[in-house]
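Encoded as structure tokens, the structure appears first; notes follow it.
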Amino acid sequence: HPCYGQFNDIADPKIVTGDCGYLLDDVPHLSDYIQDLPTYSNPLQDNPAYSVVKQYFVDVDDTVAEKIVVSKESPRGTHFRRAGPRQKVCKSNPCLSSCMYCNMWGLCPGINTVIREIVCGLYHMYGVTGVLGIEGGYKGFYARNTIPLTPKVVNDIHKRVGTILGTSRGGHDTSKIVDSIQDRGINQVYIIGGDGTQKGASVIFEEIRRRGLKVAVVGIPKTIDNDIPVIDKSFGFDTAVEEAQRAISAAHVESESIENGIGLVKLMGRHSAMYATLASRDVDCCLIPESPFYLEGPGGLFEYIGKRLNENAHMVIVVAEGAGQELLSGNTCTMDNIDASGNKQLQDVGFWISQKIKDHFSEKQKLTINLKYIDPTYMICAVPSNASDNVYCTLLAHSAIHGAMARYTGFTVGPVNGKHSCIPFQRITERQNKVVITDRMWARCLSSTNQPSFFSAKQPFEKIGDEKHGDNHVEDLAIK
């Protein structure tokens, strides 16, 4: 990843073969590189809140299956270590521990909820009182931008939008970050962010491991794009889909109220676009990066728009960020540009396609259309999280705490088939989730909109990318 440079001393994955043929894709443990690490009884056994729980702790051999739908001949497959409280923790006096938080790369509904629950969970479950918050992303580690966090400080931050720690792009200097962690005597680092942030967390963990420091590094996945692999979903996604429906509804009202009205909505994230389309039922066409489309000619987008306007006199189009980039590649801004965080800069397909639609129908079809373009991207990022995401953020925070206190490190937490798990960084950072257009969910979306697939069944398509993760993880498709 361009933002983080090269780090050659990467530990091999911890793969454990079970007696029945399954593989445990395990997470690192501090005892892997620190000898004679003392363990102590978990204080949760004396916690009044947990006294009603029949079984306090997760069994040491509990695992979660990555795939639950298999054929009769399939092997047992890969499992992950189940998240949850362990019988043994890493300090006899947890109140002496210190922790840090880092939030990177933009806003997302629920960030403040995660921060609050980590602070309160550490304090009330494990007695951790020395907690520091890092302001301004990764550069805050060595810029000394810190604030003390206590349950009183974070008591009502979940009611606020945005994040109390701020965000930034870039600024990742591994050596300076780990120097700061070492100088402060920090022993737990919680890093909140998307796939790029998790890459940065992985590099920090590797440097900490190389130095032999007694520091646990834990990632909490955050993105409204829902493009982080392995986990069922990332927090903020449910809220983003719910808010996106409001934009779609507004576009539908606008288009329906005027002759030849078109409502065009650009959404951040292909999964958000697909799920919001499927949920709203007002969308006539959903365009995503994985499904190639063309504008002119038989079977093209313009022909379909004309057909829908003839039938209904209005239509709603949803276009996901990143769709149609190959059509824009001739513009001044190329697809090779990257931002300060090493992410590819995408051209604004929403504004571009809205102009193309207007030009086509006014110049070639001699038809007056009324197009309303809506881009709710930053409105969606800055709304309060809904009830579903608030509960989910609490579960993620607690899973991260229990894992770090049990001396596990170098992992991201998240649900896998409904069960919270500890997932090694390399599984989270090796690829991005993309919509699989040979999957049933995309078929459901097409069925909802009644749109064409924009490539003929007579045109064979080829699979592009790595299929090693299974039949349902085709990276992309293209027309031959």
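Points to keep in mind about this one:
- Modelled FRET efficiency - R0 35 Å, residue 14 with residue 440, Cβ distances, 0.05 increments: 0.55
- Per-residue SASA remark: residue 394, around 40 Å² accessible (1.4 Å probe; ligands, DNA and RNA not included).
- As a ratio to 2.2 N^0.38 Å, the alpha-carbon radius of gyration computed for segment 180-287 takes the value 1.57.
- Heavy atoms of residue 391: accessible area, 1.4 Å probe, square angstrom to 10: 90 Å²
- Residues 362, 255 ordered from highest to lowest accessible area at a 1.4 Å probe: 362, 255.
- C-alpha center-to-center spacing [segment 353-426, segment 188-226] in angstrom: 20 Å
- Gyration tensor (alpha-carbon) shape descriptor, segment 268-318, a/c threshold 1.5: oblate
- Residue by residue, segment 281-287 carries 3J(HN,Hα) couplings of 6, 9, 8, 9, 7, 10, 10 Hz when phi is fed to the Karplus relation 6.51 cos²θ - 1.76 cosθ + 1.60 (θ = phi - 60°); x denotes Gly or Pro.
- For residue 316, the residues 5 or more places off, or on other chains, whose built amide H falls under 5 Å of its own are 263, 284, 285.
- You can think of it this way: the chain between residue 145 and residue 69 has 22.7 nm of extra reach, that is 0.36 nm per residue less the Cα-Cα gap.
- Hull-based mean projected area of segment 349-403, where the convex hull spans the alpha carbons, in square nanometres: 6.2 nm²
- Surface accessible to a 1.4 Å probe, residue 429 within the full protein complex, Å²: 30 Å²
- Per residue, the chain exposes 44 Å² of solvent-accessible protein surface, assessed with a 1.4 angstrom probe and all protein chains in place.
- GluC sites (Glu not before Pro) within segment 239-278, DSSP loop, no more than 14 other Cβ atoms inside 10 Å: 259
- Largest to smallest accessible area among 375, 227 [probe 1.4 Å]: 375, 227
- P(r) weight above 28 Å for the chain, C-alpha pairs, percent: 55 percent
- For segment 124-223, the mean projected area of the C-alpha convex hull, equal to one quarter of the hull surface, is 6.6 nm².
- Cα point-scatterer Debye curve for segment 132-184, base-10 log of I(q)/I(0) at q = 0.25 Å⁻¹: -0.96
- Remark: segment 54-62, residue by residue, has Karplus-estimated 3J(HN,Hα) of 5, 10, 4, 10, 6, 5, 4, 9, 5 Hz, where x stands for each Gly or Pro and the curve is 6.51 cos²θ - 1.76 cosθ + 1.60 at θ = phi - 60°.
- For the chain, the longest principal axis of the alpha carbon atoms and the long axis of helix 111-126 meet at an angle near 20°.
- Relative to the longest principal axis of the Cα atoms of the chain, the long axis of helix 349-363 lies at roughly 0 degrees.
- For residue 367, the residues 5 or more places off, or on other chains, whose built amide H falls under 5 Å of its own are 362.
- Residue 368 versus residue 310: modelled label distance in nm, points set 7 Å from Cα along the beta carbon direction: 2.2 nm
- Accessible surface of segment 238-282, 1.4 Å probe, proportion on carbon and sulfur as whole %: 43 percent
- Cα-based Kirkwood hydrodynamic radius, segment 60-201, one decimal, Å: 17.0 Å
- The largest-to-smallest principal axis extents of the Cα set in segment 380-459 are 56, 31, 23 Å.
The values are calculated or read from the model by the stated rules, or taken from the named source; none is laboratory data. All values derive from a computational prediction rather than experimental measurement. With ideal geometry, Cβ positions are generated from the backbone for all residues, glycine too; neighbour counts draw on all protein chains shown. The accessibility values were calculated without ligands, DNA or RNA, using every heavy atom of the protein model including side chains. Shrake-Rupley method; radii C 1.70, N 1.55, O 1.52, S 1.80 Å.
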